[in-house]
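Take a look at the structure set out below.
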Amino acid sequence: MEADQFVDFEVKLHSTSRLRHLVARPQVSFLCNGHAPFKPLPLTQAFPMLEWGLNWVISSHAHDHLVMHAAVVEKGGCALILAADPGSGKSTLCAALVQHGWRLLSDELALLRLESGTITPIARPISLKNRSIDVVRRFGPQFELSKVCHDTAKGSIAHMRPPPDSVAKRNVAARPALVIFPQYREGSNMICEPLGHAYAFLEMVRHSFNFSLLCGDGFDAIAGMLDTATAYRMQYSSFDQALPEVNRLWSQHG
């Protein structure tokens, strides 16, 4: 593919037949270029299915990037990457940082461009689950949340509208400066410790979707990122602990 070529995908949500609407619970399918990669879900879960489908499209096809399961925010042209397992609280922490003035690049997929080593933004709504929904709702009415969708495979889900400035700067990339592996744990004291390059490298491999496909290019992408971005593991139980610690680390390495 030439560098100036434009590549896109046709995606849509397709409702099931009218007959099913009459005799059973209506369902919806996600289609990519006419292909349905997933089984249908209840129609009430259409918006979460769109989010999951878009994640699948990106992680399955954007191989000019290393695709990582991580949230990303930005200040001053530099990116903070929050890489974590599902349920670790990364999207909630991402939302809290956005509330405090960070620019949203992504709450779910960090796209590290192989050619430049920069992070490509995907400023989409932040996906919040279960207890995180009420936590973010308490930020204030200026942070608009969608209607809650209950009984999905991941529990209750709502989405926070991305800030207009983050959407307007969706083409402005950022260079990685700090990597944090966050873990929310109720009742925990703040624990923050630096990680060696070797351990941080293995953790980033574990959080990558297409590392094995990219082979040497994926290796070089992570190694290059960690040459300039310092990595930490952080455990916390409240934003009163986490946000000052993030700011402290950022002042040292951002």
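The values are calculated or read from the model by the stated rules, or taken from the named source; none is laboratory data. This is a predicted model, so every value here is computed, not measured. Cβ atoms come from the backbone with ideal geometry, glycine included; neighbour counts cover every protein chain shown.
Would a scan of region 58-75 turn up a residue that is in a helix (DSSP H, G or I), surrounded by 16 or more Cβ atoms within 10 Å (Cβ to Cβ) and modelled with pLDDT under 95? Yes. Here is the figure for region 34-90: residues that are closer than 18 Å to PRO162 by Cβ and among the aliphatic types (A, V, I, L, M) total 11. Scanning region 138-149 for residues that are within 21 Å of PRO86 (Cβ to Cβ) and without any contact (Cβ under 8 Å) to a residue 12 or more places away in the chain gives no hits.
I'm checking my understanding of the structure. Among residues of region 1-35 that are of a type in the set (Val, Ile, Thr) and over 15 Å from ALA46 (Cα atoms), which one is modelled with the lowest pLDDT?
Step by step, filter region 1-35, then rank; the result is VAL23.
Within region 98-107, one or more residues are surrounded by 20 or more Cβ atoms within 10 Å (Cβ to Cβ), in the same structural domain as THR120 (by TED's automatic domain parsing), in contact (Cβ under 8 Å) with a residue 12 or more places away in the chain and assigned to a helix (DSSP H, G or I). Filtered by the rule that a residue be free of Cβ contacts under 8 Å to residues at least 60 places away in the same chain and under 19 Å from the mean Cα position of the chain (by Cα), region 202-225 gives VAL205, ARG206. Which residues, counting only those in region 137-152, are hydrophobic (A, V, I, L, M, F, W, C) and modelled with pLDDT of 90 or more? LEU145, VAL148, CYS149 - these are the residues of region 137-152 that are hydrophobic (A, V, I, L, M, F, W, C) and modelled with pLDDT of 90 or more.
Of the residues screened, LEU82 is one that is in a strand (DSSP E or B), crowded, with 22+ Cβ neighbours inside 10 Å, touching a Lys or Arg at 6+ places or on another chain (Cβ under 7 Å) and in contact (Cβ under 8 Å) with a residue 24 or more places away in the chain.
Residue by residue, here is whether (1) surrounded by 13 or more Cβ atoms within 10 Å (Cβ to Cβ); (2) within 13 Å of LEU105 (Cβ to Cβ); (3) within 17 Å of the chain's Cα centre (by Cα) holds:
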site	(1), (2), (3)
VAL167	yes, yes, yes
PHE181	yes, no, yes
TYR184	yes, no, yes
GLY187	no, no, no
GLU193	no, no, no
